[in-house]
Amino acid sequence: MTLTAGGPVRLTERVAVVTGGAVGIGRAYSRRLAAEGARVVVADIVDPAPTVREIEAAGGEALGVSVDVTQEPMVRAMARTAVDHFGRIDILVNNAGIFAPLQPTPFEALSETEWDRIMAVNVKGVFFCCQAVVPTMKAQRSGRIINVASAIVMKGSPLFLHYVASKGAVIALTRALAREVGDYGIAVNAVAPGFVLSETVRQNPTLAGALSAPVVQSRCFRRDQTAEDVEGAVVYLASADSAFVTGQTLVVDGGSIFL
Ligand code: NAD
């Protein structure tokens, strides 16, 4: 058995696609999945090369693919590239989304354009990515889809109505898709992080300023949440340890909300 500082490597030989895997929390998922032995496709609208280099420098294996998850032909090409390069797709982490650039906005002031943009990336993008990888997973008769939702859905936080609705849709589609693909050995689950001070959220002082202090006070663990706090839940949902878990949403928020 190969061992890392954190224990046994759990995803050897697995192929994982991480959308939005180049920066923010997705970068942490990419690095951690690689550290667990997975070969990682870092799929992002921003340049994935620095994250790929980082993984390779640490002894891991990764491939960068430029993709806009709202563009179905690009998403299908991304899945084809993953299979051509690595031969299979075992894990899809649907992490691409728009959160970090958002400004708190009363719902009356949200434009149709803003609504459509959030829904296109956060919901339609997840739908396209699932459609693109499921044929490969069905042929393998195994697969793990991990959708990134948000604990903001259960909290019903104000001033982000389009975002909250989009992540609610992610939880809903997780449950329904799990029933459609269970017969093929494919698990579909979601993680719902709390407010994470990711590298990109830190670049938006209005967002960080509005949410940080009240969220920390609401937690059992009264401290800021980092990307590294979430990655273990993704590894669990990608690993054999969660073999009989599907259709679920795992809240990782330091105990701010209880289901
Ligand atoms: P982020 O905005 O920094 O990351 C989003 C990622 O998606 C980036 O890599 C970005 O380049 C990519 N992306 C955006 N549009 C894309 C597109 N059209 N096609 C492909 N990739 C695209 O935010 P983050 O804080 O790192 O969040 C990552 C995920 O976690 C998002 O889905 C977010 O909604 C979710 N989330 C974040 C928090 C938080 O507090 N930061 C909490 C709960 C859930």
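The values are calculated or read from the model by the stated rules, or taken from the named source; none is laboratory data. Keep in mind that this is a model prediction, so the values were computed, not measured. Ideal geometry is used to build each Cβ from the backbone, glycine not excepted, and the neighbour counts take in all protein chains shown. For accessibility, only protein heavy atoms count, side chains too; no ligands or nucleic acids. Shrake-Rupley method; radii C 1.70, N 1.55, O 1.52, S 1.80 Å.
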Restricting to the range 89-113, give me the number of residues that are within 15 Å of the ligand (Cβ to nearest atom) and crowded, with 17+ Cβ neighbours inside 10 Å. 10
For the range 24-31, indicate whether the set of residues that are over 18 Å from Ser198 (Cα atoms) and either at pLDDT 95 or above or open to solvent by 10 Å² or more (accessible area, probe 1.4 Å) (or both) is non-empty. no
Filter pass, Thr200 being in contact (Cβ under 8 Å) with a residue 24 or more places away in the chain, in contact with a strand residue (DSSP E or B) (Cβ under 6 Å, 6 or more places away or on another chain) and polar (S, T, N, Q): no
Among the residues of the range 223-259, how many are farther than 23 Å from Asp90 by Cα, in contact (Cβ under 8 Å) with a residue 24 or more places away in the chain and open to solvent by 80 Å² or more (accessible area, probe 1.4 Å)? 2
Checking Phe195 against (1) under 21 Å from Val251 (Cα atoms); (2) out of contact with any strand residue (DSSP E or B) (no Cβ under 8 Å at 6 or more places or on another chain); (3) within 10 Å of the ligand (Cβ to nearest atom); (4) touching a residue at least 24 places away in the same chain (Cβ under 8 Å), only one condition comes out false. Which one? (2)
List, please: which pairs have Cβ atoms under 7 Å, are six or more places apart or on different chains, and start with a residue in the range 163-175 that is touching a residue at least 24 places away in the same chain (Cβ under 8 Å) and under 14 Å from Lys124 (Cβ atoms) and end with one that is crowded, with 22+ Cβ neighbours inside 10 Å and hydrophobic (A, V, I, L, M, F, W, C)? Ser166/Ile118; Lys167/Ala149; Lys167/Ile152; Lys167/Val153; Val170/Val126; Val170/Ala149; Val170/Ala190; Leu173/Val126
Pick out the one residue from Ala172, Ala208, Ala178, Ala213 that is at pLDDT 95 or above, assigned to a helix (DSSP H, G or I) and surrounded by fewer than 19 Cβ atoms within 10 Å (Cβ to Cβ). Ala172
Looking at the range 118-127, is at least one residue touching a residue at least 40 places away in the same chain (Cβ under 8 Å) and on the phi > 0 side of the Ramachandran plot? no
